[in-house]
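Novice: The following block contains the structure, expressed as structure tokens.
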Amino acid sequence: MSINVKYRNIIFAFLMALSMSFFVSFILVSLNFGYGNTFLHIWLKIWLEAFICAFFGAYFFPRVIQKIMRKINFVEKPLIENDFLEREQTKR
């Protein structure tokens, strides 16, 4: 399947929202309402509402979060063993 690269972000947001809203709404409806006669009806109704919210979140939040992440300076902390060995060598 070949799709133009300009649709990458929207397809990613769609698939992420679809899978996350499906999973989370199923778990929450199961916990809150149980598996009665109306489970499927309630779950599909809530899933549709959750998907709409999740789609907009999955489309817009990554852009905002990427801007925040660019401002954070990440450093690699040495392993505890390396830190211990360095301290032992400086004692000598």
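Novice: Calculate the dipole size of the chain relative to its Cα centre from +1 charges on Lys and Arg beta carbons and -1 charges on Asp and Glu beta carbons; express the result in debye to the nearest 20.
Specialist: I would put it at about 420 debye.
Novice: Follow-up. Compute the FRET efficiency between Leu48 and Ile11 as 1/(1 + (r/R0)^6), taking r as their Cβ-Cβ distance and R0 = 22 Å, and round to the nearest 0.05.
Specialist: Efficiency, from the Cβ-Cβ distance: 0.70.
Novice: Using +1 at the Cβ of each Lys and Arg and -1 at the Cβ of each Asp and Glu in the chain, identify which of Phe14, Asn37, Ile72 lies farthest towards the dipole's positive end.
Specialist: Of the candidates, Ile72 comes out farthest on the positive side.
Novice: Working out 0.36 nm times the residue gap between Phe61 and Thr90, then minus their Cα-Cα distance, what length gain in nm do you get to one decimal?
Specialist: 5.7 nm
Novice: Given bins 10 angstrom wide, list per bin the percent of all Cα-Cα distances in the chain, short to long.
Specialist: 14, 24, 20, 16, 13, 9, 3, 0
No lab work stands behind these numbers, since they all come straight from the coordinates. Remember, it's a predicted structure, so these values are computed and weren't measured experimentally. In this analysis, Cβ positions are derived from the backbone assuming ideal geometry, glycine residues included, and neighbour counts consider all displayed protein chains.
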